[in-house]
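Here the structure comes first, spelled out in structure tokens, and everything after it is commentary.
The values are calculated or read from the model by the stated rules, or taken from the named source; none is laboratory data. Since we're looking at a predicted model, the values are computed, not measured. Cβ coordinates were reconstructed from backbone atoms using ideal geometry, including for glycine residues, and neighbour counts include every protein chain displayed.
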């Protein structure tokens, strides 16, 4: 999903400048590019929130226009206020063709395991994984079919088919499993 956002370059010197921005409903942010100094920007909170809500649960590309120049980015990290739940700061990572990027991708599970009909209970153990790949290979999500799982079976990371995508997750890491029902005597 591509999301377009307008931003302005910011020149803040003190922490109080950031507080003033946040009080004015403006989110301070930064665009990082490998090997270069970050570009400090500011985004109107209402515009960002409206567009961001459309992308929850999948990888989204943010096309950020700063003074006529467009940057294709993803969210690397965002800071949320613990009480108000408002976005306090965003770190964007610019995607450069030919350079591998490291990011978190959601796992999308589908299908009803056959083990549930046998009295088993489905446990989802991992909901997202960190991957490293070229921008052209970034999946919006990784789909996993749970239908063949019987009681006592698991789906492991090594079972996923991912071309040109790398992760440091060990192959024997269980992602989901169907456990047998406990019998109490």
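Can you name the residue in segment 144-165 that is assigned to a strand (DSSP E or B) and surrounded by 13 or more Cβ atoms within 10 Å (Cβ to Cβ) and, of all such residues, is farthest from the chain's Cα centre (by Cα)? So the residue we want is 154.
In this structure, does residue 123 turn out to be surrounded by fewer than 17 Cβ atoms within 10 Å (Cβ to Cβ) and over 27 Å from residue 71 (Cα atoms)? It is true that residue 123 is surrounded by fewer than 17 Cβ atoms within 10 Å (Cβ to Cβ) and over 27 Å from residue 71 (Cα atoms).
Considering only segment 127-143, how many residues are in a strand (DSSP E or B) and within 23 Å of residue 72 (Cα to Cα)? Spell out the reasoning first.
First, the residues of segment 127-143 that are in a strand (DSSP E or B): 128-133, 142-143.
Checking the rest, the ones that are also within 23 Å of residue 72 (Cα to Cα) come to 128-133, 142.
Final tally of qualifying residues: 7.
Does any residue of segment 9-16 turn out to be at pLDDT 85 or above and either part of a strand (DSSP E or B) or within 30 Å of residue 146 (Cβ to Cβ) (or both)? Spell out how you get there, then give the answer.
So in segment 9-16, the residues at pLDDT 85 or above come out as 9-10.
Then drop every residue that is not either part of a strand (DSSP E or B) or within 30 Å of residue 146 (Cβ to Cβ) (or both), which leaves 9.
Checked against the condition, which is being at pLDDT 85 or above and either part of a strand (DSSP E or B) or within 30 Å of residue 146 (Cβ to Cβ) (or both), segment 9-16 yields at least one hit.
For residue 116, state whether it is at pLDDT below 85 and surrounded by 15 or more Cβ atoms within 10 Å (Cβ to Cβ). Break it down into steps so the answer makes sense when it comes.
Values: at pLDDT below 85: no; surrounded by 15 or more Cβ atoms within 10 Å (Cβ to Cβ): yes.
Criteria not met by residue 116.
The one condition from (1) over 30 Å from residue 155 (Cβ atoms); (2) in contact (Cβ under 8 Å) with a residue 12 or more places away in the chain that residue 79 does not meet is (2). Note on segment 100-113: residues that are assigned to a loop (DSSP other than H, G, I, E, B) and either buried (at least 18 other Cβ atoms within 10 Å of the Cβ) or out of contact with any strand residue (DSSP E or B) (no Cβ under 9 Å at 6 or more places or on another chain) (or both) amount to 1. Summed over segment 166-185, the residues that are out of contact with any helix residue (DSSP H, G or I) (no Cβ under 9 Å at 6 or more places or on another chain) and either assigned to a loop (DSSP other than H, G, I, E, B) or within 30 Å of residue 72 (Cβ to Cβ) (or both) give a count of 7.
When you scan segment 119-126, do you find a residue that is under 28 Å from residue 166 (Cβ atoms) and assigned to a loop (DSSP other than H, G, I, E, B), even just one? Looking for residues that are under 28 Å from residue 166 (Cβ atoms) and assigned to a loop (DSSP other than H, G, I, E, B), one finds at least one in segment 119-126, hence yes.
Only one residue in 71, 61 is in contact with a strand residue (DSSP E or B) (Cβ under 8 Å, 6 or more places away or on another chain), at pLDDT below 85, assigned by TED's automatic domain parsing to the domain that holds residue 29 and within 25 Å of residue 48 (Cβ to Cβ), so which one is that? Quick ask: steps written out before the conclusion?
Numbers: 71 fails: at pLDDT below 85.
None of the others qualify; the one that does is 61.
Matching residues to (1) assigned by TED's automatic domain parsing to the domain that holds residue 131; (2) farther than 28 Å from residue 134 by Cα; (3) surrounded by 13 or more Cβ atoms within 10 Å (Cβ to Cβ):
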site	(1), (2), (3)
26	no, yes, yes
43	no, no, yes
65	no, no, yes
80	no, yes, no
85	no, yes, no
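For first residues located in segment 88-100 and under 15 Å from residue 60 (Cβ atoms), partners that are assigned to a loop (DSSP other than H, G, I, E, B) and lie 6+ apart or on another chain with Cβ distances below 6 Å form the pairs 94/33.
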